[in-house]
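Q: Take this structure first; my questions come after.
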Amino acid sequence: MIRLLRDRRAASAVLVAGAMPMLFGVAALAVDLGLVQLERRRLQGVADAAALSAARDTGQATALAEAMVAASPGRFPVTSTAVVGRYRGEAAPAARFVAGGADADAVRVDVRAEVPTVFAAIFGTPSVAVERRATARRIDLAAFAVGSRLASLDGGVANALLSALTGGSVSLSVMDYRALAGAKVDLVPWLAVLGADAGVQVASFDELLALQLPAGTVLGSLSRRVVDPAAQAALASLAAAAKGTIRLADLVSLGELGRQRDGGAGLVTLNALDLASNVIQGSASGRQVAVDLGAQLPGLARTRLWVAIGERPNKSPWVAVTRDRATVIRTAQTRVYLEATLSAQPLPGINLVSIELPLFVELASAEARLEGIECRPNAVTLAGRPGPGQVAIARIDPASLGTFTSPMALSDARLLDTLLLRVAGRATIDLGADEGFQTRRFDAAAIAEGTVQTLRSSAPVGGIAASLMQKVELKAKALGFLPVPLDPVVRGVGAQLSLVAPVLDPVLMSVTGVLGVGVGEADLWVTGLRCGQPVLIE
């Protein structure tokens, strides 16, 4: 017996036999944990694939996610839930994804599976729920602008106006202006080299846009980005004349693209004339100028012009790259006052006299916003409305033209003022105060061709001067003792005004066209569209 007690042989077998239940339990637990871990990894892949698929079309997110889940191989049944919302990377991590919203750009997909257990089943846990989540986003961008394209141009008027705005001397021909209008500028790649041309180092487009840059430097850099030699020379001439500085963020909003410092080629294509004109306006000191056109217009002894350019409301840009319907672009508030002295003409009972005609144009900001992006097929819908305002035959104080915070005081125009009689007149056309938004759709062909669509107010105006001549009410008053036939004089004044209207309308259209505003109308165009690829963000 003592010998048996001292015998140590086969002791390990006893220990192993005692440990076997624990070893089997550990093995079973390892199997359970392994199955759960493998399923967790598989489900993450399923969630990623489902989120990417659903983000391709947020309108069918649930169906696309379920189809992807159903097509994914696996041992265990999987259920899924897709939630559409908006993602904002600048928010706190917990608040970046917001479910719902009209402008959904992201989809969050949750997947769930039940994994059967081996060891845990002994303790009443027959299965373990495994859940995974993925969020994908697709960024679709549209670039668009609002303004007024030049239908025709008087080179002399445009030169005089741009000379006054720059403070230098601008002498371009009509062919030069046409070359500028035909020269295309790919805006974002140009911005990528503008910083180097200006001698500044920036980390993003937004930093560059926020800088105050010399307008001459901006226009000089622009001249090196166009291909047409005539457009290059015209831009170089404008660069030499420009004196002020410009903050390009007042003109351009790149949205999320602004955080980058490269990319965006082909998304914003503008013509050089529009871009140069807006740069010059933004850099104009005081933004109110006077131009004396002298006697260069036929039938007129003298023409003087005053122009005041206001700020865009709410610091709105002129062109925007966005997918957000909250972004609104606007034209600048504008006032134009023109005083024309007609060449001396004889009137009944009076020798040669000169008639003076004052015209006043006030335009509030036209607006445009993104209404929708379609990627199948490629199309963009914009909503816009012309700016309210008025045009009038009336006299004003030119010194108060730039005070946009106060309404302009209008008084009767003294068309004829002699020792014998006085003829006054006044006419006003309101361009509508509460215009509703109108929508315009641009398909892929319209976007590629840069097609312009025009919005017109409910009170359309053809020729400004011609329309006012039809409404003017003339009042004559005899001042002397000699009898003067009033009715023939009034008819004579009216006839002279009708003759000069076709001369003044091109002048006003050239001025408003150079300033990028329209009378009772607004032009919209889409400069580019980019349908992005879905990317995982969580």
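Q: I'd like to check something: does the range 2-22 contain any residue that is acidic (Asp, Glu), part of a loop (DSSP other than H, G, I, E, B) and modelled with pLDDT of 75 or more?
A: The answer is no; no qualifying residue exists.
Q: Looking at the range 261-276, which of the residues that are more than 19 Å from SER223 (Cα to Cα) and surrounded by 19 or more Cβ atoms within 10 Å (Cβ to Cβ) is modelled with the lowest pLDDT?
A: GLY264
Q: Which of the residues belonging to the range 226-265 are out of contact with any strand residue (DSSP E or B) (no Cβ under 6 Å at 6 or more places or on another chain) and among the basic types (Lys, Arg)?
A: Once the filter is applied, which keeps residues that are out of contact with any strand residue (DSSP E or B) (no Cβ under 6 Å at 6 or more places or on another chain) and among the basic types (Lys, Arg), the range 226-265 yields LYS243, ARG259, ARG261.
Q: Quick one: in the range 277-301, which of the residues that are in a loop (DSSP other than H, G, I, E, B) and of a type in the set (Gly, Ala, Ser) is surrounded by the most Cβ atoms within 10 Å (Cβ to Cβ)?
A: Ranking the qualifying residues of the range 277-301, first place goes to ALA284.
Q: List every residue pair whose Cβ atoms sit under 8 Å apart, with the two residues 6 or more apart in sequence or on different chains, where the first one lies in the range 502-524 and is in the same structural domain as LEU357 (by TED's automatic domain parsing) and within 26 Å of GLY436 (Cβ to Cβ) and the second, anywhere, is outside any helix (DSSP H, G or I) and of a type in the set (Phe, Trp, Tyr).
A: Within 8 Å, the pairs are GLY516/TRP318; LEU524/PHE144.
Q: Here is a check on your reading of the model: is GLY199 free of Cβ contacts under 8 Å to residues at least 60 places away in the same chain and either touching a Cys at 6+ places or on another chain (Cβ under 8 Å) or farther than 24 Å from LEU257 by Cβ (or both)?
A: No; evaluated as a whole, the condition is false for this residue.
Q: Still on this structure, I have one more. Return the pairs, sorted by first residue and then second, in which the second residue is surrounded by 19 or more Cβ atoms within 10 Å (Cβ to Cβ) and polar (S, T, N, Q), the first residue lies in the range 465-476 and is in contact (Cβ under 8 Å) with a residue 60 or more places away in the chain and assigned to a strand (DSSP E or B), the beta carbons are less than 6 Å apart, and the residues are 6+ apart or on different chains.
A: From residues that are in contact (Cβ under 8 Å) with a residue 60 or more places away in the chain and assigned to a strand (DSSP E or B), there are no pairs.
Q: Could you tell me how many of the residues in the range 163-210 are hydrophobic (A, V, I, L, M, F, W, C), within 23 Å of PRO298 (Cβ to Cβ) and in contact with a Leu (Cβ under 7 Å, 6 or more places away or on another chain)?
A: Matching residues across the range 163-210 total 2.
Q: Looking at the range 372-391, which of its residues are in a loop (DSSP other than H, G, I, E, B) and either buried (at least 20 other Cβ atoms within 10 Å of the Cβ) or assigned by TED's automatic domain parsing to the domain that holds ASP105 (or both)?
A: PRO386, GLY387
Q: So, one more: Tally up the residues in the range 35-57 that are in contact with a strand residue (DSSP E or B) (Cβ under 8 Å, 6 or more places away or on another chain) and either aliphatic (A, V, I, L, M) or closer than 9 Å to VAL109 by Cβ (or both), please.
A: Of the residues in the range 35-57, 11 are in contact with a strand residue (DSSP E or B) (Cβ under 8 Å, 6 or more places away or on another chain) and either aliphatic (A, V, I, L, M) or closer than 9 Å to VAL109 by Cβ (or both).
Q: Modelled with pLDDT of 85 or more and either of a type in the set (A, V, I, L, M, F, W, C) or assigned to a helix (DSSP H, G or I) (or both): is that true of LEU529 in this structure?
A: yes
Q: Consider GLY263 against the criteria (1) at negative phi; (2) not in a strand (DSSP E or B): it satisfies all of them except one. Which criterion is unmet?
A: Unmet condition: (1).
Q: Looking for whichever is under 30 Å from LYS477 (Cα atoms), of a type in the set (D, E, K, R) and either without any contact (Cβ under 8 Å) to a residue 24 or more places away in the chain or not in a loop (DSSP other than H, G, I, E, B) (or both) here; the options are ARG304, ARG369, ARG335. Which one fits?
A: Selected residue: ARG304, the only one of ARG304, ARG369, ARG335 that is under 30 Å from LYS477 (Cα atoms), of a type in the set (D, E, K, R) and either without any contact (Cβ under 8 Å) to a residue 24 or more places away in the chain or not in a loop (DSSP other than H, G, I, E, B) (or both).
Q: Looking at the range 238-260 only, could you name the residues that are more than 18 Å from the chain's Cα centre (by Cα), assigned to a helix (DSSP H, G or I) and crowded, with 19+ Cβ neighbours inside 10 Å?
A: Those that are more than 18 Å from the chain's Cα centre (by Cα), assigned to a helix (DSSP H, G or I) and crowded, with 19+ Cβ neighbours inside 10 Å: LEU238, ALA239, ALA241.
Q: Restricting attention to the range 307-319, which residues are more than 13 Å from the chain's Cα centre (by Cα) and either assigned to a strand (DSSP E or B) or free of Cβ contacts under 8 Å to residues at least 12 places away in the same chain (or both)?
A: Matches in the range 307-319: VAL307, ALA308, ILE309.
Q: Separate question: Looking at the range 328-344, is at least one residue surrounded by fewer than 23 Cβ atoms within 10 Å (Cβ to Cβ), of a type in the set (Gly, Ala, Ser) and under 28 Å from LEU187 (Cα atoms)?
A: No - not one qualifying residue is present in the range 328-344.
Q: Just the residues that are more than 21 Å from VAL517 (Cβ to Cβ), polar (S, T, N, Q) and in contact (Cβ under 8 Å) with a residue 60 or more places away in the chain, please, taken from the range 252-301.
A: Matches in the range 252-301: THR269, GLN296.
The values are calculated or read from the model by the stated rules, or taken from the named source; none is laboratory data. What you see is a predicted model, and the numbers here were worked out from it, not measured in a lab. Reconstructed Cβ throughout: ideal geometry from the backbone, glycine too, with neighbour counts over all protein chains shown.
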